[in-house]
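*Asks:* The following block contains the structure, expressed as C-alpha cells.
The values are calculated or read from the model by the stated rules, or taken from the named source; none is laboratory data. Source: prediction; values computed, not measured. Glycine also receives a Cβ, built like all others from the backbone with ideal geometry; neighbour counts cover every protein chain displayed. Surface accessibility is based on the protein's heavy atoms, side chains included, excluding ligands, DNA and RNA. Shrake-Rupley method; radii C 1.70, N 1.55, O 1.52, S 1.80 Å.
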Amino acid sequence: MIFSAMVAQNVAFWVIAVAMLYAGLRVVTTRNVVHAALYLVVVLAGAAALFLLLGSEFVGITQVLIYIGAIIVLFLFGIMLTRAPMGKEKSLDHPRKLPALLAAVIVGGVTIYSVLDYFGDEQLPRESRTTTREVADSIFSEYIIAFEAVSVLLLAALIGAIVVARKE
Amino acid sequence: MYVSQFGVLAAVLFAIGVYGILVRRNGILVLMSVELILNSVNINLVAFGALRDTIAGEVFALFVITVAAAEVGVGLAIVLLIYRNRRSVDLSEVDLMKG
Amino acid sequence: MFAAEATEGIFQASGWFLENAWLVPAFPALSFLVILFFGKRFPKGGSEVGIAAVAMSFVFAVATGIQWISQVNSAGDDAAVDAVSSTWTWWVNGGIEFNIGTLVDGLAVVLIFVVTTVSLLVHVYSTDYVAGDSRYTHFFAFLSLFTAAMLFFVLSENTLQMIVGWELVGVCSFVLIGHWWEEKPNSDAALKAFLTNRVGDIGLLIGVAVLFFAADQTFSVLEINKMAISGEISHLALLVGACALTAAVISKSGQFFLHTWLPDAMAGPTPVSALIHAATMVVAGVYLIARLYGVFFEGFSIAGSSVNLLAIIGGLTTLVGASLAFVQRDIKKVLAYSTISQLGYMVLALGVGAWTAAIFHLFTHAFFKACLFLGSGSVSHAVHSFDMKSDMGGLRRWMPHTYKTFVIASVALAGIPPLAGFWSKDEILAGTGGWGLAGGTGGNGAYLVILIMGLATAALTAAYMTRCVYLTFFGEFRGHGTPHESGPRIIVPLWILAVLAIVAGWINLPKGFQLVPEGWTERFGHYVEPTADYFPSIAHAKPSWTLAVVSTLVALGGIAVAARYYFGRVRAESPMATEVGRGWTKRSRLASAGHTLLAKKYYLDHLYTGVIAGGVKGPIAKAAYKFNQEGIDKVVNAAGEKSVQAGHVVYDIIDQKVVDGIVNSSGVAPHLAGEEMRKMQTGKVQSYAGIVFVAAALLAIVFILVL
C-alpha cells in the first residue's frame, strides 16, 4: 500500500518533470512569442502540481491563481501592446548562442553538483501535508513584518508601473 | 521520493532560465525566462521546507510569488516604455550604457 | 537640578557619564531630526536647536572627561585602567551577536572633547557665516547629523559600528561639500570626495571582515586588540587586515595618492571645511589606526624596524602636502594642503609607534587648523573671494582680530615654541627614534628617513604659512571695495580657538621640563594612553633637547627664508606685488618646471582622470581613439602634460629615447588595460547578466572546492 503510493508519487513526479523541462526548453527556444507564453503556462502548472505533490496545497493554489491567472494574462497583454508579430519570427534570439549556452551549462552544472553532493539520497518524509491554517498562522505571527513589507512593495510596484507606463 | 529529484529539476529549470535571459532579444521573453528562474527557486523552497518539516519554505515561496507579480508588473511597464520610445522591444538595441 | 552633593556623587563614585556616553551623540542626533522636520518653524531657522544640542553634548563630553580623569587618578599610578564599555545586543544572527555600544577610554574622551568643542564653535560661527543662505536650516541639520555621526564613530564599541559611523560622516561630508550644489564645480567636488572615499571604504570592509574571522568571529575592538597583541591572530592575518585598513585611512584621511579629494572639498562652506575637513572627519582614519593599534602595531611590526607602510605613507603625504601648499592661490587650498601634510604627520607618528604624539598632534592640530580655516572664512567674508593673489593683501589694517588670531594659529602650526604645534610636532619627531642614530635615545625603531622627512616638512610648513600670511594680511589691498572686520559671532570663536592654539600644547610638556613641577608633565599621555591589555606595549622616546632646538631652528629658518623673499624682495618691488617679477622660477628652467609640477599637483589628477578613468571609459574621454590614430605624441598627452614638460626640461640631461621609452610604456600599459576592459562595457544588459551569472557560478565553484 505504502509502496504503491510511493510508486504513484514517483511516476507523477517524472511525468510532471519531463513535461516541465520540455515546456521550459520551448519557452526559451520557440520562435513564436505567444507560444512561449503558452508553454510557460505548462511550466507553471507543472510547478503547481509539484507543490501539491509535496503536500503544499496553499502554495499550489496560489501558484495557479496568481501565475496562471494573472501573470500570464499580463504577459499576453504585454505581447499585444508591443505588437509583436503573432506568427513565427526569426530574430527573436541573438545570433551568438554559444556563450549563453556555456553560461547556462556552468550555472546548471554547479547547482546540480552541489545539490547531489549535499543531499545525496536523502528521502523526503512520506507524509508532509501542511494546511492553509498553518500557513496563515505563520504569516500573521512569525512573518508579519515581512508580510507588511511585501504589501508595501506591491503598492510601490503598482504606483511604479503606472508612473513608468503612462503617457506623458 | 528523493529531495535531490526536486533539486536537480529546479537546477535544470534555472539553467534553462539563464539561457533564456542571455539569448532572447525580445524583452517580454526575457521576463518570461526570469519567471522560469523564480519558479525553480520556489520548487526548491517548498521541497526543502518539506524535507526539514518547516513551514518557512512555503511562506517564502508565497513571498517569492508576490514579489514576482510585482516584478512582472514593473518589468512589463518598462518594456512598454521602451517600445513606445523605440518602436521595438529588442534589448540589443538598448545600449545607452555602452562604455 | 541636582543638589550639590548628588552632582558630586555622580562625578566621582559611579562613573555614570562613562557608562552612559551614548547620550553624547544622542543630543545632536535628536537635533538633526528636530531641525530637519521642524527647523523652519523656529525663529532662528533651527540653528538654536543645533547649538543647544551640541552645547549639551559638549557639557556631557567634559563631564565624561572629568570622570575618566578621576578614574585614572583613583586607580593609582601604575595600575592598568580598563576602558569602560557598555554594550547592548543589536541583533542576533546565526548565533553571532551584533552589539552596539560605547567604548570610553582616554582616546575616546579626547576625540569627543575635540569634536564637541570645534563643532560648538563652528555652529556659533556659522550662524553669521551662512546667514541669509537659502538652505540655512538644512545646513544646520546636517552639521548636527555630522556631529552625531562623528561622536557615534569615535565611541564605537565594535568595528561594525565603526563602519556605520564612518559611512555616515562620509555622507555628511558629501552633502555639506555640495551645499551650494547649483554651481557645477561644487557638486563635482562633492562627488569626487564621495567616490574617492568609496575606494578606501572597500579596504575598510575587507579589513573589518578579515579581522572578524581572524579574531574568532568578534567585532569587538577590545577583543580584536587583545587577540592581536597576545598573538592569537596570525601575523599574516594582521598584516592583511592592517593593509586593508590602511587603504581606508589613505582615502579618508587624505593620505598620499588619494588625497586629491580634500583640496577640492574646499568647495563647501568654510565652517564645514574647518569642522569636517580639518578638525574632525579627516582624522577618522588616524583615529581608526589608533583605536585598532594592536592590529597595526603587530601587523606592521612597528617595533624594532626602520620602515613600514604607515610611516612611508605618512612621510610622503606630509612632504607632498607641504610642497603643494606653496603654489596655491586660494587661501583655503593652502590650508587644505597643510591639513593633508599635518594628517601625514599623524599617520607617520602612528607608523613609528609614537601613539601618544599622534593623538596629541591630532588634539592640537584640531584647534589651530580650525582657527586658520575659520580665519580664512572671516577674510573671505570681508573680500568675497578666496584668491590671495588678486583679492587680498594688507588686510591687517581692516581686520585686526582676524589678523591676530590667524598669525597665532600660523605660528602654532609652524611649530614655534611655546605654542601648541611645537610640543606635539616635537614629540612626533622624537618618537621616530631616528635621532637615536645621532645620539638620542628611545623610540620603537630607528626611523631616520622618516625623521628627515618630518624635519623637511617642518621647514616647508613654516615657509608656506609665512607666504600665506604675507599675501593675505601684508602689502597693499588688491581687491575691490573696502573690507570690514567680521561680527562677534565670528571673532569670538576665533579667539577661543587661538587661545587653545596657544595653551593646548602645555598639557603634555615633555618629561624633564624644568620650568614646571614634575607632576605637570606628560599629563595628556598619562590620561590618554591606554594602560590595559588591549594596547600594545610601545616604547616611549625620551625627549631630546637637541632635537627640539634643531626643529625650532628649522622652522625659524623656513620662516626666515620666506620672510626674506616676501617681506624683503616682494615688498621692495611693490606693495601690490605677490611675487618677484623676475624671480627664481622665471630664470631657471628647472625651477619653473618644478613650479609647474607643483601647480599641477604632481599630475595626480591627470593620472586619475586622464589615464586611468579615461583609459577605462574609453570613447568618452576620446583619448583612447586618438592614440590609435595618431600614435605616440597623443600617448604623451593622455599620460598628462607632465611628460611633455618634464621631457623638455630633461631633454638635454637624459637621452631622449630613455624618456620616450618610459613615457610610452607608462601610457601604453594603462591604455591597453583600459581598451580591454572597455570591450566588456557593451552597454547590453544581457552581456552584463551573463557576466554576473558566470561569476556567481565560479564563486560557487570556489566555495564548493574550499568548503
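*Asks:* Which of the residues spanning the range C:43-59 are outside any helix (DSSP H, G or I) and out of contact with any helix residue (DSSP H, G or I) (no Cβ under 6 Å at 6 or more places or on another chain)? Talk me through it step by step, then tell me what you get.
*Replies:* To start, the set of residues in the range C:43-59 that are outside any helix (DSSP H, G or I) comprises C:43-46.
Across the range C:43-59, the qualifying residues are C:Pro43, C:Lys44.
*Asks:* Still on this structure, please answer the following. What are the residue pairs meeting all of these: first residue in the range B:30-42, first residue more than 7 Å from chain A (Cβ to nearest Cβ), second residue of a type in the set (Phe, Trp, Tyr), Cβ atoms under 8 Å, and 6 or more apart or on different chains?
*Replies:* Pairs found: B:Leu31/A:Phe75; B:Ile37/B:Phe14; B:Ser40/B:Phe14; B:Val41/B:Phe14.
*Asks:* Right, next: Restricting to the range A:127-152, count the residues that are more than 14 Å from B:Gly57 (Cβ to Cβ), in contact with a Phe, Trp or Tyr (Cβ under 9 Å, 6 or more places away or on another chain) and polar (S, T, N, Q).
*Replies:* Total satisfying the criteria: 2.
For every residue, the table says whether it meets (1) in contact with a Pro (Cβ under 9 Å, 6 or more places away or on another chain); (2) at pLDDT below 85.
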{"site": "C:Ala430", "(1), (2)": "yes, yes"}
{"site": "C:Leu437", "(1), (2)": "no, yes"}
{"site": "C:Leu455", "(1), (2)": "no, no"}
{"site": "C:Ala459", "(1), (2)": "no, no"}
{"site": "C:Ala462", "(1), (2)": "no, no"}
{"site": "C:Phe477", "(1), (2)": "yes, yes"}
{"site": "C:Ile496", "(1), (2)": "no, no"}
{"site": "C:Lys511", "(1), (2)": "yes, yes"}
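*Asks:* A further question follows. Let me spell it out: the conditions are (1) out of contact with any helix residue (DSSP H, G or I) (no Cβ under 6 Å at 6 or more places or on another chain); (2) buried (at least 19 other Cβ atoms within 10 Å of the Cβ); (3) of a type in the set (D, E, K, R), and C:Lys192 meets all of them except one. Which number is the exception?
*Replies:* (1)
*Asks:* Still on this structure: B:Leu96 versus (1) open to solvent by 10 Å² or more (accessible area, probe 1.4 Å); (2) within 7 Å of another protein chain (Cβ to nearest Cβ); (3) part of a helix (DSSP H, G or I): which is the lone unmet condition?
*Replies:* The single condition B:Leu96 does not satisfy is (3).
*Asks:* So which of C:Ala244, C:Ala311, C:Ala325 is in contact with a helix residue (DSSP H, G or I) (Cβ under 7 Å, 6 or more places away or on another chain) and under 27 Å from C:Leu168 (Cα atoms)?
*Replies:* After applying the criteria, what remains is C:Ala244.
*Asks:* Also: Got a number for residues in the range A:148-163 being under 22 Å from the mean Cα position of the chain (by Cα) and more than 8 Å from every other protein chain (Cβ to nearest Cβ)?
*Replies:* 1
*Asks:* So in the range A:23-52, with the set limited to residues that are over 15 Å from the mean Cα position of the chain (by Cα) and more than 7 Å from every other protein chain (Cβ to nearest Cβ), which one is surrounded by the most Cβ atoms within 10 Å (Cβ to Cβ)?
*Replies:* The initial filter retains those residues of the range A:23-52 that are over 15 Å from the mean Cα position of the chain (by Cα), namely A:29-35.
Now narrow it down to the ones that are more than 7 Å from every other protein chain (Cβ to nearest Cβ): A:29-32, A:34-35.
On the way: A:Thr29: 17, A:Thr30: 19, A:Arg31: 14, A:Asn32: 17, A:Val34: 16, A:His35: 14.
If we take residues in the range A:23-52 being over 15 Å from the mean Cα position of the chain (by Cα) and more than 7 Å from every other protein chain (Cβ to nearest Cβ), then A:Thr30 is surrounded by the most Cβ atoms within 10 Å (Cβ to Cβ).
*Asks:* Where the second residue is modelled with pLDDT under 90 and among the acidic types (Asp, Glu) and the first is more than 19 Å from A:Arg96 (Cβ to Cβ) and lies in the range C:684-707, which pairs have Cβ atoms under 8 Å and are six or more apart or on separate chains?
*Replies:* From residues that are more than 19 Å from A:Arg96 (Cβ to Cβ), the pairs are C:Ile704/A:Asp117.
*Asks:* Let me ask something else. Given the criteria open to solvent by less than 70 Å² (accessible area, probe 1.4 Å), more than 7 Å from chain B (Cβ to nearest Cβ) and either out of contact with any Pro (no Cβ under 8 Å at 6 or more places or on another chain) or closer than 22 Å to B:Ala50 by Cα (or both), does A:Thr111 qualify?
*Replies:* The answer is no for A:Thr111.
*Asks:* From the list B:Ala15, B:Ala10, which residue is more than 7 Å from chain A (Cβ to nearest Cβ), under 16 Å from A:Val43 (Cα atoms) and under 13 Å from the mean Cα position of the chain (by Cα)? Outline the logic, then answer.
*Replies:* Details: B:Ala15 fails: more than 7 Å from chain A (Cβ to nearest Cβ).
It is B:Ala10.
*Asks:* Here's a follow-up. Any residue at all in the range B:47-54 that's facing chain A (nearest Cβ under 7 Å), over 24 Å from B:Glu93 (Cβ atoms), without any contact (Cβ under 8 Å) to a residue 40 or more places away in the chain and charged (D, E, K, R)?
*Replies:* Within the range B:47-54, one or more residues are facing chain A (nearest Cβ under 7 Å), over 24 Å from B:Glu93 (Cβ atoms), without any contact (Cβ under 8 Å) to a residue 40 or more places away in the chain and charged (D, E, K, R).
*Asks:* If you don't mind, another one. Please indicate, with yes or no, whether at least one residue in the range C:95-104 is of a type outside the set (Val, Ile, Thr), assigned to a helix (DSSP H, G or I) and closer than 23 Å to C:Val59 by Cα. Talk me through it step by step, then tell me what you get.
*Replies:* Filtering the range C:95-104 down to residues of a type outside the set (Val, Ile, Thr) leaves C:95, C:97-99, C:101, C:103.
Applying the additional criterion that residues be assigned to a helix (DSSP H, G or I) yields none.
Checked against the condition, which is being of a type outside the set (Val, Ile, Thr), assigned to a helix (DSSP H, G or I) and closer than 23 Å to C:Val59 by Cα, the range C:95-104 yields no hits at all.
*Asks:* Given (1) at the interface with another protein chain (Cβ under 7 Å from one of its Cβ atoms); (2) open to solvent by 40 Å² or more (accessible area, probe 1.4 Å); (3) in contact (Cβ under 8 Å) with a residue 12 or more places away in the chain, identify the lone condition not met by A:Val135.
*Replies:* Every condition holds for A:Val135 apart from (2).
*Asks:* For A:Ile145, indicate whether it is free of Cβ contacts under 8 Å to residues at least 60 places away in the same chain and either at the interface with chain B (Cβ under 9 Å from one of its Cβ atoms) or open to solvent by less than 70 Å² (accessible area, probe 1.4 Å) (or both).
*Replies:* Details: free of Cβ contacts under 8 Å to residues at least 60 places away in the same chain: yes; either at the interface with chain B (Cβ under 9 Å from one of its Cβ atoms) or open to solvent by less than 70 Å² (accessible area, probe 1.4 Å) (or both): no.
Considered against the rule, which asks whether it is free of Cβ contacts under 8 Å to residues at least 60 places away in the same chain and either at the interface with chain B (Cβ under 9 Å from one of its Cβ atoms) or open to solvent by less than 70 Å² (accessible area, probe 1.4 Å) (or both), A:Ile145 comes out as no.
*Asks:* OK, next. Could you please give the count of residues in the range A:53-66 that are more than 7 Å from every other protein chain (Cβ to nearest Cβ) and more than 22 Å from A:Pro125 (Cβ to Cβ)?
*Replies:* Matching residues across the range A:53-66 total 2.
*Asks:* Next question. Out of all the residues in the range A:115-134, which are assigned to a helix (DSSP H, G or I) and in contact with a strand residue (DSSP E or B) (Cβ under 8 Å, 6 or more places away or on another chain)?
*Replies:* Narrowing the range A:115-134 to residues assigned to a helix (DSSP H, G or I): A:115-119, A:132-134.
Result: A:Phe119, single match.
*Asks:* Separate question: Looking only at residues in the range B:55-92 that are more than 21 Å from the chain's Cα centre (by Cα) and more than 7 Å from chain A (Cβ to nearest Cβ), which one is least open to solvent (accessible area, probe 1.4 Å)?
*Replies:* The residue in question is B:Ser88.
*Asks:* Name the one entry in C:Leu151, C:Leu205, C:Leu236 that is in a helix (DSSP H, G or I) and at pLDDT 90 or above.
*Replies:* Checking each option against the conditions leaves just C:Leu151.
*Asks:* Please give the helices (runs of 4 or more DSSP H) falling wholly within the range C:248-346 in which 3 or more residues are within 17 Å of C:Leu372 (Cβ to Cβ).
*Replies:* Answer list for the range C:248-346: C:270-274, C:309-325.
*Asks:* Test each condition in (1) under 24 Å from the mean Cα position of the chain (by Cα); (2) at the interface with chain B (Cβ under 7 Å from one of its Cβ atoms); (3) open to solvent by less than 30 Å² (accessible area, probe 1.4 Å) for A:Leu81 and report the one that comes out false.
*Replies:* Failed condition: (3).
*Asks:* Now, a different point. Given (1) in contact with a Gly (Cβ under 7 Å, 6 or more places away or on another chain); (2) of a type outside the set (Val, Ile, Thr); (3) open to solvent by 10 Å² or more (accessible area, probe 1.4 Å), where does C:Ser253 come up short, assuming only one miss?
*Replies:* That leaves (3) as the condition not met.
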